[in-house]
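Written below as structure tokens is the structure these notes are about.
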Amino acid sequence: MAGRRRSLWAAALILLIAAGAWSAYRRVTEPAGVRTARLRRGTIREVVEDRARTTLPHIVHVTMPQEGRFLPIELPEGTSVAKGQAIARLEDEDLRDAYAESLSIVRAMAENVTAARAKVKASASRRDYLKWLTEAREKVYGKDGLSGQAIRETRADYLEAEMDLEGNAAQLQSSLALSSTSRLLPIFLRRILGRTVVESPIDGVVLQRHARNVKMMQAGEPIMDLGDMRGLRVTADILTEEAVRVRPGQKVAVFGETVGGELAGRVARVEPMGFTKLSSLGVEQQRVNVIVDFEDGELDRLSRDLGRTLGLEYRVRVRIVTAERENALLAPRSALVRGNGGTWRLFVVRNGRAEAVAVVPGASDDEQVEILRTSSGDLSDGDEAVVAPEASVASGARVRATEGD
């Protein structure tokens with residue numbers, strides 16, 4: 001009885017070993033199930049996408065031209081202004097009175113100069129007369145031998161007239177100098193009066209007002225900001241590792257909920273200096289500003305077709321096309337795996353077996369990658385590539401496609 005039980009246990013053990021061996025054999029000999037996708041030719045675009053905001057190349061900061069009492073003009077934000085239009089005023093009553101007084105001073109100084117000229121002329125006439133009289137008496141008294149008292153008197157009068165002439169001439173020069181200086185006063189006051197009306201230096205709109213109520217303000221204090229919305233552009237801060245692929249002239253799509261559609265633009269400039277910015281997760285990121293100009297007519301189309309108008313500092317998104325290839329051989333990104341030495345390879349299914357092909361990838365997007373060339377083997381449109389191959393898949397292994405694209 002005991003012998004029979006041992007025989008049964010031995011038979012059961014043999015069956016288990018045989019089942020295990022058969023299972024192992026099936027795993028080795030049966031093809032592994034893999035997902036595949038066909039390689040195809042088509043167009044691929046490599047893009048950089050990120051958040052951005054609308055900006056202006058120039059914002060004019062209008063400030064107080066001089067100290068004074070600010071008298072605002074009612075111009076709400078968004079109001080269009082023309083170049084030369086009055087946008088603010090300063091109280092000018094005292095300056096106008098001073099200007100009128102300065103004109104009176106100029107006239108008085110001019111009259112003073114006229115009087116000084118007349119005195120010089122009269123002094124010169126008296127001096128000339130006394131000179132003639134002195135010379136005449138010297139001749140007469142010299143011949144007749146009369147007393148020299150008359151000569152001395154006329155000579156003294158002549159010298160006194162000479163001194164008066166010199167004094168009046170000096171007074172004339174002083175009057176001329178004062179008159180010339182006084183003429184600068186109304187010029188200076190007229191210049192100050194001209195600054196009491198603050199004019200817009202550009203054609204644009206009022207972006208922001210800094211002063212609204214009547215008050216005393218110092219020179220240089222901000223009044224309002226102006227900008228020309230026709231020059232609206234987009235500024236995107238792009239990660240530096242992505243910005244190295246961005247070049248001026250590349251196509252850009254501006255989109256997002258703010259736009260409600262898609263506007264065409266081009267990269268105008270990549271700023272040369274980056275900056276550090278904290279992400280929403282508190283991670284430091286190195287970024288750089290990329291400036292994007294709208295294509296001609298795009299902002300008008302936004303207003304005309306979509307009934308929307310973009311303002312300054314509006315949030316948008318940009319999609320910059322950094323590379324574009326037509327008729328490129330495309331493979332799923334998940335089909336590429338790292339090979340030896342950092343190279344790339346993919347497995348294609350041929351005659352029921354996986355064949356490893358070393359490849360050189362090119363442009364890529366979220367789903368596809370361009371195959372520029374192969375280092376070994378050959379690839380063509382229609383080949384089936386293994387998608388996300390497992391580590392057990394090796395070159396020459398039997399495979400079986402479970403699903404394909």
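The values are calculated or read from the model by the stated rules, or taken from the named source; none is laboratory data. Small disclaimer: the values here were computed from a predicted structure and weren't measured. When we count neighbours, we look across all protein chains shown, and the Cβ atoms used for this are built from the backbone with ideal geometry, even at glycine. Side chains included, ligands, DNA and RNA excluded: accessible areas come from the protein's heavy atoms. Shrake-Rupley method; radii C 1.70, N 1.55, O 1.52, S 1.80 Å.
Taken together, the residues in the range 334-361 that are among the polar types (S, T, N, Q), farther than 16 Å from ALA394 by Cβ and open to solvent by 80 Å² or more (accessible area, probe 1.4 Å) amount to 0.
Of the residues making up the range 255-265, those that are loosely packed, with under 15 Cβ neighbours inside 10 Å, at pLDDT 90 or above and in a loop (DSSP other than H, G, I, E, B) number 1. Of all residues in the range 181-198, those satisfying the criterion of being farther than 15 Å from HIS61 by Cβ and in contact (Cβ under 8 Å) with a residue 60 or more places away in the chain are SER182, ARG183, LEU185, PRO186, LEU189, ARG190, ILE192, LEU193, ARG195, THR196, VAL197. Here is the figure for the range 31-71: residues that are open to solvent by 30 Å² or more (accessible area, probe 1.4 Å), farther than 30 Å from PRO201 by Cα and charged (D, E, K, R) total 8.
Confirm whether GLU241 is open to solvent by 60 Å² or more (accessible area, probe 1.4 Å) and assigned to a loop (DSSP other than H, G, I, E, B). So GLU241 does not fit the description; no. Kindly establish whether VAL28 is within 26 Å of VAL387 (Cβ to Cβ), surrounded by 12 or more Cβ atoms within 10 Å (Cβ to Cβ) and at pLDDT below 90. So VAL28 does not fit the description; no.
Give ALA331, ALA268, ALA323 a once-over and let me know the one that is surrounded by 13 or more Cβ atoms within 10 Å (Cβ to Cβ), outside any loop (DSSP other than H, G, I, E, B), without any contact (Cβ under 8 Å) to a residue 40 or more places away in the chain and in contact with a strand residue (DSSP E or B) (Cβ under 6 Å, 6 or more places away or on another chain). I'd like the intermediate steps shown before the answer.
On the way: ALA331 fails: without any contact (Cβ under 8 Å) to a residue 40 or more places away in the chain; ALA323 fails: without any contact (Cβ under 8 Å) to a residue 40 or more places away in the chain.
Answer to the check: ALA268.
What tally of residues in the range 305-332 results from selecting those that are among the aliphatic types (A, V, I, L, M) and under 17 Å from MET229 (Cα atoms)? Break it down stepwise before answering.
Taking the range 305-332 as the starting set, the residues that turn out to be among the aliphatic types (A, V, I, L, M) are 306, 310, 312, 316, 318, 320-321, 323, 328-331.
Then drop every residue that is not under 17 Å from MET229 (Cα atoms), which leaves 310, 312, 316.
So the count comes out to 3.
Among the residues making up the range 290-309, those that are open to solvent by 70 Å² or more (accessible area, probe 1.4 Å), outside any helix (DSSP H, G or I) and either of a type in the set (Val, Ile, Thr) or touching a residue at least 40 places away in the same chain (Cβ under 8 Å) (or both) are ARG308, THR309.
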